[in-house]
Amino acid sequence: MTKKLSHIVTFILLLGLAALFLAPIFIVVINSFKFKFSITDTPFVFPNAETFSGAQNYISGIQQTGFISAFFWSLFITVFSVAAIVIFTSMTAWYIVRVKTFWTNLLYYALVFSMIVPFQMVMFTMSKTANVLGLDNPLGIILIYLGFGAGLSTFMFSGFVKSVPITIEEAATIDGCNTLQTYFLVVFPVLKPTTVTVAILNTMWIWNDYLLPYLVIGNDYKTIPVAVQYLKGGYGSVDMGALMAMLVLSIIPVVIFYLTSQKYIIKGVAAGAVKG
Amino acid sequence: MKSIKKYFPVFVLPTLLAFLIAFLIPFILGLYLSFTEFTTVENATFVGFNNYIQAFKESDDFLNALWFTIRFALTSVITINIFAFILALLLTRKIWGTNLFRTVFFMPNLIGGIVLGYIWQLIINGVLLNYGYSITSDEKFGFWGLVVLMNWQMIGYVMIIYIAGLSSVPTDILEAAKVDGAGFFTTLFRIIIPSVMPSITICLFLTITNSFKLFDQNLALTAGAPGGRTKMLALDIYETFYGKIGYEGVGQAKAVIFFLIVAAIALTQLVLTRRKEVEQ
């Protein structure tokens with residue numbers, strides 16, 4: 001009986017905490033439907049007949065920030081960077097594990113080393129390099145993400161490749177596969193659990209990344225975080241209504257992504273933390 | 001496998017080229033430039049350790065940022081880990097709706113730092129307005145604002161790792177303890193905590209490195225206001241680079257020091273986890 005009671009108490013406690021966790025997002029949503037001058041003064045009040053602004057904040061926010069194009073640039077850069085990272089770093093990891101030379105070892109340790117270097121260390125020189133090489137556009141930044149994300153991703157893939165039995169590769173070779181066929185038809189499918197983890201971790205990083213796209217492709221091709229920050233930084237007084245609407249629009253894709261692939265995200269994050 | 005070797009251009013070259021351009025060359029160039037004075041890379045002149053001396057001497061900003069970052073990191077690490085551990089304990093008690101709660105607590109972790117900063121700016125300013133303040137009126141508002149934000153973002157993440165750790169605690173030992181009449185705290189401190197020690201190490205370092213490297217949230221929440229008092233290391237480095245002309249070398253020197261601090265934390269973690277593995 002006491003056990004049942006303690007379960008009910010825990011349940012109610014958790015319910016309260018869950019409400020507290022969701023409250024900030026809820027508050028932003030209700031404020032996105034109020035006129036800008038009633039946001040700063042009374043953020044915790046529901047909109048009423050006088051303060052309800054309809055979709056006005058959304059329209060002006062989208063116009064001021066170019067949110068629609070920002071969404072598509074974010075999507076473009078995230079999808080292709082993650083695809084490039086998954087394909088190329090898994091190939092590199094397999095090569096490094098299977099071909100043991102001084103040079104592959106050196107590359108492996110250089111990649112592992114890059115994981116502990118904070119972005120600020122290379123921020124200035126990297127954006128200059130990207131500029132000089134003409135990589136300061138949405139295609140070039142994919143190469144930058146591949147290079148900067150290579151450390152963690154190669155490290156995670158090579159951890160898994162070590163546990164893949166070499167006999168299945170030998171069998172494929174005997175059956176007449178060349179190296180490329182062996183890799184893509186036999187090895188790559190086996191790596192799937194790590195592929196999912198690597199893809200999730202990189203998606204979360206690149207989609208939300210602010211400073212790297214801001215410095216490399218700047219205001220010419222705004223991604224969502226850059227567009228939101230532009231609204232705040234670009235004007236003397238901030239249009240709070242537009243800001244609230246843009247916050248809501250930035251959260252919606254993330255929530256959809258989360259709810260559709262929650263299982264993989266939570267698994268991937270836990271696996272990534274343990275390995276990284 | 002000799003046959004693989006000739007596939008180097010396909011398997012390694014794309015990653016290697018990208019890695020050289022995005023990381024290795026900028027890293028080496030950055031080390032070199034920290035010993036020079038420059039505005040563009042081409043006009044660098046060697047100045048020895050001058051930039052490193054300047055980083056500390058030229059103003060108090062860097063030391064302030066360092067001290068603020070250390071205080072922030074310690075406070076966040078302690079609060080996040082305690083709350084996350086309690087939540088993990090509650091969620092492993094086979095209560096109805098566990099999955100739903102886990103989903104809710106983890107969600108803020110997926111929201112980007114810039115967006116998080118503005119969400120909390122609205123809320124904190126809304127609360128402080130009742131007392132006639134705003135988040136930029138006093139350093140301590142910005143400090144605790146960042147701590148609350150970081151807790152909201154990281155608790156769910158850390159909780160997931162603790163849940164994974166807790167579910168591997170052997171149930172027969174827990175039941176044996178119950179039969180022997182061990183109370184809640186005895187079980188917690190003698191059995192549960194020792195057996196989730198690996199998770200605790202991971203979570204401590206995860207939260208400490210994330211706190212040290214925080215940038216987006218800092219920029220969006222206070223941008224260092226009032227008067228740069230709430231600037232953390234990453235933001236101070238950014239402003240040294242892009243805020244004042246002629247200080248690029250000093251900015252790069254600060255970045256090298258920042259790198260050394262973060263690397264030292266990472267190496268400590270490596271040594272500690274290695275030692276644990278040997279003991280087991």
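Stokes-Einstein, applied to the Kirkwood radius of chain A over Cα pairs at a viscosity of 1.306 mPa s and 10 °C, places its translational diffusion at 72 µm² s⁻¹. Centre-to-centre separation between the Cα atoms of region A:83-132 and those of region A:52-67: 41 Å. From its DSSP helices (H runs of at least four residues, each -39,500 (n - 2.57)), chain A gives a residue-normalised ellipticity at 222 nm of -24500 deg cm²/dmol.
Given Cα pairs under 8 Å that are at least 6 residues apart, what percent is the relative contact order of chain B?
29 percent
Restricting the calculation to alpha carbons of chain B gives Rg and Dmax of 23.4, 76 angstrom.
Under a no-solvent Debye model with one identical scatterer per Cα of region A:1-119, what's log10 I(q)/I(0) at q = 0.13, 0.22 Å⁻¹? Relative scattering, expressed as log10 I(q)/I(0), comes to -0.84, -1.20. Percent relative contact order of chain A, based on C-alpha pairs within less than 8 angstrom and at least six residues apart? Dividing the mean separation by the residue count of chain A yields 30 percent.
Summing Cβ point charges (Lys, Arg +1; Asp, Glu -1) relative to the Cα centre of the protein assembly as shown gives a dipole of roughly 1280 debye. Plugging the Kirkwood radius over Cα pairs into Stokes-Einstein for region A:159-276, at a temperature of 10 °C and a viscosity of 1.306 mPa s, what D comes out in µm²/s? Estimated via Stokes-Einstein, D reaches 89 µm²/s.
Which value does Rg/Rh take for region B:126-280 over its C-alpha atoms, Rh per Kirkwood?
1.12
Entry note, chain B: the mean residue ellipticity at 222 nm calculated from DSSP H runs of n ≥ 4, each adding -39500 (n - 2.57), is -22000 deg cm²/dmol after division by the residues and rounding to the nearest 500. Any idea what angle helix A:102-114 forms with the longest principal axis of chain A, computed on alpha-carbon atoms, 0 to 90 degrees, nearest 10? With both axes taken from Cα atoms, the answer is about 10 degrees. Take each residue in B:226-234, count the other chain C-beta atoms within 10 Å of its C-beta, and the mean is 1. Rg to Rh for region B:1-80: what is it, with Cα atoms only and Rh by Kirkwood? Reported Rg/Rh (Cα atoms, Kirkwood Rh): 1.23. Counting only alpha carbon atoms, the long axis of helix A:56-65 and the longest principal axis of chain A meet at about 40°.
Debye-formula intensities of region A:51-206, expressed as log10 I(q)/I(0) at q = 0.09, 0.15, 0.16 Å⁻¹, are -0.41, -0.89, -0.97 (one equal scatterer per alpha-carbon, no solvent). Modelled spin labels at residue A:41 and residue A:175, positioned 7 Å past Cα toward Cβ, are 7.4 nm from each other. Note that region A:60-151 carries a Kirkwood radius of 15.2 Å, evaluated over its alpha carbons pair by pair.
Suppose a student asked you for the relative contact order of region B:196-259, using Cα pairs under 8 Å spaced at least 6 residues apart; what percent would you report?
For region B:196-259, the relative contact order is 20 percent.
For region A:23-126, trypsin sites (Lys or Arg not before Pro) are listed when DSSP marks them as loop and at most 16 other Cβ atoms sit within 10 Å of their Cβ; the list is A:100.
A short reminder: the numbers here are calculations on the coordinates, not readings from a lab. From a predicted model like this one, the values you see are computed outputs, not experimental measurements. Note: ideal-geometry Cβ built from the backbone for every residue, glycine included; neighbour counts use all protein chains shown.
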